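> For reference, the structure I am asking about is given below.
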Amino acid sequence: SARQVNIAIIGAGGVGKCFLSQLESLAARRQNKQKLVLTYIATSKKAVYSDSYSPIALDSVVSTLSSSSQAPLALPKLVDYLAASGTKTVLVDNTSSQDIADAYPSFLRRGISIVTPNKKAFSGSYKLWQDIFAAKEEGGALLYHEASCGAGLPVISTIKDLVETGDEVTKIEGVFSGTMSFLFNSFAPTSGSGGGKWSAEVAKAKELGYTEPDPRDDLNGLDVARKLTILARYAGLEVESPTSFPVQSLIPKELEWRRSKAEAAKEGKVVRFVGSIDVASKQVKVGLEKFDLSHPIASLKGSDNIISFYTKRYGSNPLIIQGAGAGGDVTAMGVTSDLLKVLAQL
Ligand code: NAD
């Protein structure tokens, strides 16, 4: 009979709900190989679980959760609960919680694998990063976080593949924020016209599900800084934290970028919010830069991200990854494909 793998999920927001529907069809398609059993699900307010680890039906999980009167388990209790099942377990963290990220080492050490779009664990202190990878080894657990950078785009897997096959990354440059991409593409389009009300466009980006749970985390540049921290670490730089390098905030500086936009326009250019990592000089930075209209960064559309990897092997023509960098379904795809990678190894 098919082996069982237990799944525990924290978070059922924009990404979490899309993930649940992808999980339902994945579980159906995988029936003959593995039996996927949801044994725990929680939001910040509610949870569903039982001492006997009875399966939570995937087709009605959202309504089961909303009518539940159970409170979430405290994190140390959750670690014990999942580890005591005697069945291989994967934790899916669909939150942006730092507390949960801080608890990854405790889960991993007990052999619980993790997949997540949450950036906090990999872009916090360098010590947490080291603790996480040490705990993963110790517990023999698996860990994937593709959607923590560029949503469903294969960014993390690409940099890992480059490094692990012996290539040398020299520079990474790009637009790493779906929100910033959306805002700048509509405010400073290459066609020259545009420029509605900033606050209205920010609200629209939030409505479309592009922004971080708190849009200020996008506008202050911290979200991009976190992604660069993760990539810089995989490229071999010991970046201490996402606040240890220069990051330009756009709160509340609409004026600042309007001035930059006008200056760029005089030179026949457009302004974009970009991040870059120069490996040799160990320089990481995030902020506004001007680009020729013909530059791929200038002609991005919608909420697309673009990430260019300059490496020894690729020479002066970088490996470029481009496409939707935000949105529930594409982000959940990154999480679901990570889960598939874990399942293939359990
Ligand atoms: P959201 O705010 O819609 O949902 C967050 C969910 O997590 C909610 O159900 C909330 O109750 C739950 N939660 C938060 N803190 C919790 C805690 N301490 N304990 C239990 N539950 C908790 O957010 P989202 O847009 O779904 O984003 C989820 C994650 O995906 C975030 O880490 C985000 O950075 C990442 N991400 C999102 C996108 C996107 O386009 N939305 C893209 C890439 C990555």
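Every number here is computed from the coordinates shown, using simple stated rules; none is lab data. Model, not experiment: these values are computed from the prediction. So basically every Cβ, Gly included, is an ideal-geometry build from the backbone, and we count neighbours across all protein chains shown.
> Rounding to the nearest 10 and keeping the result within 0 to 90°, find how far the Cα-based axis of helix 198-207 lies from the longest principal axis of the chain.
Taking the Cα atoms of the chain, the angle to 198-207 is about 30 degrees.
> If you build a Gaussian network model of the chain, linking Cα atoms that sit under 10 Å apart, which residue out of Ala74, Ala121, Ala203 swings the most?
Ala74
> OK, next. Would you mind listing how long the chain runs along its three principal axes, going by Cα atoms, in whole Å with the largest first?
So the extents along the principal axes, rounded to whole Å, are 68, 45, 34.
> For q values of 0.13, 0.23, 0.24 Å⁻¹, compute log₁₀ I(q)/I(0) with the Debye formula on a Cα-only model of region 91-168, without solvent.
Debye intensities relative to I(0), on a log10 scale: -0.38, -1.12, -1.18.
> Considering only the chain, what is the antiparallel percent among its DSSP beta bridges, to the nearest 5?
The antiparallel fraction comes to roughly 60 percent.
> Please give the length that would be gained between Asn317 and Ala280 if that part of the chain were fully extended, namely 0.36 nm times their separation in residues minus their C-alpha to C-alpha distance (nm, one decimal).
Once the chain is fully extended between Asn317 and Ala280, it gains 11.5 nm.
> With the chain treated as a Gaussian network of Cα nodes joined by springs under 10 Å, which of Trp257, Trp198, Trp129 yields the largest mean-square fluctuation?
Largest GNM mean-square fluctuation: Trp198.
> In region 1-79, what trypsin sites (Lys or Arg not before Pro) fall in a loop by DSSP, with at most 13 other Cβ atoms inside 10 Å?
Sites meeting the loop and neighbour criteria: Lys33, Lys45.
> Additional query: Along the Cα-to-C-beta direction of Ser241, a point sits 7 Å from the Cα; which residues of region 86-121 have their amide N less than 15 Å from that point?
98-99, 102, 120-121
> With labels modelled as points extended 7 Å from the Cα through the Cβ direction, what inter-label distance (nm, one decimal) is found for Gln98 paired with Glu24?
3.6 nm
> Moving on to the next point. Based on the alpha carbon coordinates of region 39-187, what radius of gyration and maximum Cα-Cα distance (Dmax) apply, in Å?
17.8, 54
> Moving to a separate point now. If you average the alpha carbon positions of region 316-346 and of region 27-86, how far apart do those two centres end up, in angstrom?
Going from one Cα centre to the other spans 24 Å.
> Sticking with this structure for a sec: Could you tell me the center-to-center distance, by alpha carbons, between region 101-126 and region 211-250 in angstrom?
What the calculation gives is 18 Å, centre to centre.
> For helix 328-345, what angle does its Cα long axis make with the longest principal axis of the chain, in degrees from 0 to 90 and rounded to 10?
Relative to the chain, helix 328-345 is tipped by roughly 50 degrees.
> Can I ask one more? How large is ³J(HN,Hα), in whole Hz, for each residue of region 19-34 in order, when computed from phi with the Karplus curve 6.51 cos²θ - 1.76 cosθ + 1.60 and θ = phi - 60°, using x for Gly and Pro?
4, 4, 6, 5, 5, 4, 6, 4, 4, 5, 5, 9, 2, 6, 8, 9
> Starting from the Cα-Cα distance between Ile251 and Asn32, subtract it from 0.36 nm times their residue separation and give me the gain in nm to one decimal.
On the way: separation 219, 0.36 × 219 = 78.84 nm, distance 5.18 nm.
Once the chain is fully extended between Ile251 and Asn32, it gains 73.7 nm.
> Mind checking the full-extension length gain between Ala83 and Glu207? Use 0.36 nm per residue of separation minus the Cα-Cα distance, one decimal, nm.
Going from the current span to full extension adds 40.8 nm.
> If you don't mind, another one. So if R0 is 22 Å, what FRET efficiency would Ser54 and Leu346 give, r being the distance between their Cβ atoms, rounded to the nearest 0.05?
0.60
> Report relative contact order for region 42-160 in percent, whole number only (criteria: Cα-Cα under 8 Å, sequence separation at least 6).
19 percent
> Which of Gly275, Gly236, Gly174 moves the most in a Gaussian network model of the chain with Cα springs under 10 Å?
Sorting by GNM fluctuation, first place goes to Gly236.
> Right, something else. What number, rounded to the nearest 500 deg cm²/dmol, is the helix-based mean residue ellipticity at 222 nm of the chain, given -39500 (n - 2.57) per DSSP H run of at least four residues and division by all its residues?
Here the helix-only value at 222 nm equals -11500 deg cm²/dmol.
> If you don't mind, there's one more thing I want to ask. Set the Förster radius R0 to 35 Å, insert the Cβ-Cβ distance between Ser294 and Asn220 as r into 1/(1 + (r/R0)^6), and round the FRET efficiency to 0.05.
Once rounded, the FRET efficiency stands at 0.70.
> Tell me the angle of helix 178-187 to the major Cα principal axis of the chain, expressed in degrees between 0 and 90 and rounded to the nearest ten.
30 degrees
> Right, next: Quick one: divide the alpha-carbon radius of gyration of region 140-247 by 2.2 N^0.38 Å and tell me what you get.
Scaled against compact globular proteins, the figure is 1.23.
> Give a quick list of GluC sites (Glu not before Pro) in region 255-346 that DSSP marks as loop, anything other than H, G, I, E or B, with at most 15 other Cβ atoms within 10 Å.
Passing sites in region 255-346 are Glu267.
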